[in-house]
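Since the structure comes first, as structure tokens, the remarks are kept for the end.
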């Protein structure tokens with residue numbers, strides 16, 4: 001976490017405006033365009049980032065989603081200027097800030113940063129923590145701006161309190177206030193909600209998104225939570241092994257995942273294996289055309305989302321029997337033996353349906369919602 005301490009102090013003590021090559025103050029851009037062109041980051045022979053191309057429009061919120069070690073935080077560090085790309089370029093408003101010919105330090109990139117641990121100064125009051133982000137401004141002006149932002153996040157009554165006396169949610173709001181008070185053109189956020197409980201996290205996500213929309217800052221948010229990415233992002237960039245494997249709106253990624261890795265990331269799925277014959281895949285739900293990337297004899301992974309299987313009375317769809325029922329609050333998770341499937345299917349149904357173990361049922365599966373990927377291929 002040393003880089004978090006270093007960058008938060010650098011940014012907190014320096015005016016956050018882009019300067020031109022002569023050092024003169026450039027015109028402030030409230031929402032910047034952020035572009036990565038062929039960005040790679042190597043540590044010796046190991047690649048943390050591989051040929052990353054990403055263009056984020058002014059005012060857009062993009063979430064970087066993926067498992068630990070996929071390169072999300074490294075890309076954020078390269079965007080902030082904490083790390084230099086090994087190759088490729090980073091541009092802000094079409095001006096190179098990192099590349100073979102130029103490097104602009106973090107404090108000159110007009111960015112706000114927000115981290116998982118919030119990085120608040122324990123010896124400063126809440127008002128002083130927020131005002132610290134405006135240290136280059138006159139004291140009265142900094143305190144006036146900090147007071148206004150604290151009021152906006154609902155913490156004005158705690159202006160004279162210290163970080164250790166606040167709850168996790170309150171500390172998160174202070175960190176958010178400190179990040180936005182300099183009116184940055186970009187916000188870079190690294191797992192900002194992961195330390196909060198579920199109910200508080202939902203509330204803080206909504207408040208944070210509201211403030212990002214209000215300030216119109218271009219935002220790049222790192223998360224490992226698909227629901228969080230779908231809630232916050234105008235677009236979601238899914239990362240694996242240092243690459244962006246799919247980029248698009250949440251609905252597109254959910255409905256049309258490019259591979260099994262992305263499909264598993266966005267939903268709970270049942271998987272079964274079938275062989276391609278004559279360009280077709282014969283399954284219990286019907287005959288499917290094999291993807292163009294698959295050849296004769298390849299094994300195909302048939303994927304059916306747990307939430308998209310409908311359970312009804314016998315005679316509707318395929319015959320089945322409820323083998324197990326697990327109560328999960330608003331829903332029940334069923335295991336259902338279904339004719340034609342070698343293994344039971346997991347099905348999520350509303351709890352009020354009250355399906356009992358041993359019940360004979362009809363199982364309906366929309367063949368148009370079934371996903372097919374090459375087994376043991378990329379992401380399998």
Taking residue 222, is it closer than 26 Å to residue 153 by Cα, in a strand (DSSP E or B) and touching a residue at least 24 places away in the same chain (Cβ under 8 Å)?
yes
Any chance region 246-257 includes a residue that's buried (at least 23 other Cβ atoms within 10 Å of the Cβ) and either over 15 Å from the mean Cα position of the chain (by Cα) or in contact (Cβ under 8 Å) with a residue 24 or more places away in the chain (or both)?
yes
Restricting attention to region 82-101, does a residue exist that is part of a helix (DSSP H, G or I) and crowded, with 16+ Cβ neighbours inside 10 Å?
no
For region 102-137, how many residues meet the condition of being modelled with pLDDT of 85 or more, out of contact with any strand residue (DSSP E or B) (no Cβ under 6 Å at 6 or more places or on another chain) and either assigned to a helix (DSSP H, G or I) or farther than 16 Å from residue 184 by Cβ (or both)?
15
Could you grab me the full set of residues in region 352-368 that are within 16 Å of residue 323 (Cα to Cα), touching a residue at least 24 places away in the same chain (Cβ under 8 Å) and not in a strand (DSSP E or B)?
353, 355, 356, 357, 358, 359
Would you confirm whether any residue within region 182-193 is assigned to a helix (DSSP H, G or I) and under 23 Å from residue 137 (Cα atoms)?
no
Counting just the residues of region 322-375 that are at positive phi and in contact with a strand residue (DSSP E or B) (Cβ under 7 Å, 6 or more places away or on another chain), which one comes out surrounded by the most Cβ atoms within 10 Å (Cβ to Cβ)?
340
Index of the failed condition, residue 76 passing every other in (1) part of a helix (DSSP H, G or I); (2) out of contact with any helix residue (DSSP H, G or I) (no Cβ under 6 Å at 6 or more places or on another chain); (3) without any contact (Cβ under 8 Å) to a residue 60 or more places away in the chain; (4) surrounded by fewer than 22 Cβ atoms within 10 Å (Cβ to Cβ)
(3)
Mind checking which residues of region 196-219 are touching a residue at least 40 places away in the same chain (Cβ under 8 Å) and within 18 Å of residue 65 (Cβ to Cβ)?
209, 212, 218, 219
Residue match in region 209-221 (condition: within 30 Å of residue 335 (Cβ to Cβ) and either surrounded by fewer than 16 Cβ atoms within 10 Å (Cβ to Cβ) or assigned by TED's automatic domain parsing to the domain that holds residue 56 (or both)):
no
Residues satisfying the stated conditions in region 312-335, i.e. within 17 Å of residue 270 (Cα to Cα) and within 33 Å of the chain's Cα centre (by Cα):
325, 326, 332, 333, 334, 335
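The values are calculated or read from the model by the stated rules, or taken from the named source; none is laboratory data. Fair warning: this is a prediction, and the values are worked out from it, not measured in the lab. For neighbour counting, all protein chains shown are included, and Cβ atoms are generated from backbone atoms with ideal geometry for every residue, glycine included.
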